[in-house]
Structures are given as structure tokens and as C-alpha cells.
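Colleague: Pasting a structure here, questions to come.
Just so it is clear, none of the values below were taken in a lab; they were calculated from the coordinates. What you are looking at is a predicted structure, and each value in this text was computed from that prediction instead of being measured. Counting neighbours? That spans all protein chains shown, and the Cβs are built from the backbone with ideal geometry, glycine included.
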Amino acid sequence: MAAPLFRNRRDWAPLIAIAAFVGVAIMQWPLPLVFAVLAPISIALAWIRR
Amino acid sequence: MNENRLIPLFGYFALLSLFAVGGANAAIPEMHRIAVDVMHWMSDRQFADSFAIAQISPGPNVIIVTLIGYHVAGLAGAAVATVAMCGPTCVFAFLVARTWDRFKEARWRIAIQAGLVPVSLGLIGASAFVLAGAQTTIFMPL
């Protein structure tokens with residue numbers, strides 16, 4: 001499932017996925033908070049790097 | 001007593017439904033945090049059992065929300081949790097779907113889709129971690 005992230009050379013995407021994992025699973029921060037921070041960053045990176 | 005639980009049940013799941021990008025499974029960690037850690041509605045074992053029942057049951061994975069609602073406040077809780085989880089997203093999807101196809105080639109649409117994929121992946125991974133943790137808690141006494 002994660003393979004296309006690497007195939008398409010979106011070097012930032014794995015970092016966002018890891019940040020979401022750490023924030024929600026390890027730090028146990030609220031999902032809305034993690035989403036509200038990471039989603040705009042991720043979308044901005046997708047916009048810039050495309 | 002049930003009425004006191006129905007309002008937060010509705011509020012939490014209605015809010016959660018808007019952030020469940022990647023499906024119900026992406027929202028499992030937050031459901032676990034709310035139901036087990038914050039509100040103490042159920043134990044780790046009960047949450048893991050609810051997830052297992054939701055997975056082996058035919059139908060959508062979001063059935064886990066119904067099971068949590070049922071555990072918290074009976075049939076009324078099941079109904080409230082299901083409506084809260086499905087209602088806002090249905091309305092949102094209905095409104096967005098009308099314009100989404102019109103902007104198939106738009107750069108902003110492609111950026112939104114590409115940007116949300118890694119977030120969803122991380123959340124689904126977090127779901128696996130949280131559920132594995134719940135299972136570990138169950139098997140520790142053995």
C-alpha cells in the first residue's frame with residue numbers, strides 16, 4: 001500500500017506518514033489535532049513538489 | 001444515565017467522522033483513546049472484542065461504532081453513534097461529490113488527494129499499533 005509513495009518519489013510522504021503514526025499511536029495526541037497540523041502541511045508539500 | 005452519555009457519544013463521533021480520512025479503521029486510535037482512556041466507557045479487552053466482531057461481521061467496518069454505542073448506552077447509544085459517525089460524512093460527501101468531478105484536472109484537487117494519502121497511511125498504521133497494544137494487554141496475564 002505504501003509502495004506508490006516511494007515509486008512516485010514523493011520523498012516527503014513517508015515522513016508525513018511516520019509523523020501521523022508517532023503523533024497518534026506513540027504520543028496518543030488527539031486525532032483531530034494531528035490531522036489539523038499534518039494535513040495542511042502534507043497538502044502544501046504535494047502542491048509545491050508536484 | 002443514558003441521556004448523559006448520548007450527548008458526548010454523538011459529539012465525539014460526529015467530530016471524529018469528519019477526520020476519519022482513510023475510512024473507519026484510520027479512526028480506531030481516536031475511538032480507543034476516547035472510549036477507553038478518556039471516557040472509560042469500556043476496557044481494552046472490550047474494545048478489541050468490538051473491533052473483532054466488527055471485522056468478522058458482514059457489512060462496513062464502521063460497525064465498530066455501533067458496537068461501542070451499544071456498549072455505552074444500549075440500543076439508543078448504537079443508533080446515536082451510528083448516525084453521528086455516518087451522518088456528517090454523508091452530507092459532506094454529497095456536497096463535495098457534486099463539484100469534485102468537475103475539477104478532475106485541477107492542481108489543488110490533485111494536491112489534496114496526494115497530500116491526504118500519507119496521513120491516512122500513518123493513521124492506519126497507528127490503528128494496527130493501538131489494537132496490537134490492546135491485545136497485548138489482554139494476553140499479559142497469561
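Colleague: For B:S127, B:S17, what's the fewest-to-most ordering of other Cβ within 10 Å of each Cβ?
Modeller: In increasing order of surrounding Cβ atoms, one gets B:S17, B:S127.
Colleague: Compute the angle between helix B:2-19 and the longest alpha-carbon principal axis of chain B, please, reported from 0 to 90 degrees and rounded to the nearest 10.
Modeller: 40 degrees
Colleague: Per-residue mean of other chain beta-carbon atoms within 10 angstrom of the beta-carbon, peptide B:126-134?
Modeller: That average works out to 3.
Colleague: If you count, for every residue in A:28-38, the Cβ atoms of partner chains within 10 Å of its Cβ, what is the mean?
Modeller: 6
Colleague: Can I ask one more? Between helix B:107-139 and chain B, what is the angle of the helix's C-alpha long axis to the longest principal axis, kept within 0 to 90° and rounded to the nearest 10?
Modeller: So the helix axis and the longest Cα principal axis differ by about 10 degrees.
Colleague: Here is a follow-up. Would you mind putting B:63-75, B:96-108 in packing order, based on average other-beta-carbon counts within 10 Å, highest first?
Modeller: B:63-75, B:96-108
Colleague: Right, here's the next one. Quick one: compute the contact order of chain B, relative version, from alpha carbon pairs under 8 angstrom and 6+ residues apart, as a percent.
Modeller: So the answer I get is 35 percent.
Colleague: For a Förster distance of 35 Å, can you work out the FRET efficiency between the beta-carbons of A:I48 and A:Q28, rounded to the nearest 0.05? Working shown, then result.
Modeller: Numbers: r = 30 Å, r/R0 = 0.87.
Using R0 = 35 Å, I get an efficiency of 0.70.
Colleague: How many nm separate the modelled label positions at B:F92 and B:R109, each set 7 Å beyond the Cα in the direction of the Cβ?
Modeller: According to this spin-label approximation, the distance is 1.9 nm.
Colleague: Identify which of B:M85, B:M39, B:M31 has the largest mean-square fluctuation in a Gaussian network model of chain B, with springs joining Cα atoms closer than 10 Å.
Modeller: Result: B:M39 has the largest fluctuation of those listed.
Colleague: Short version: what are the Cα gyration tensor semi-axes of chain B, square root of 5 times each eigenvalue, largest first, in whole Å?
Modeller: The three semi-axes for chain B are 29, 20, 12 Å.
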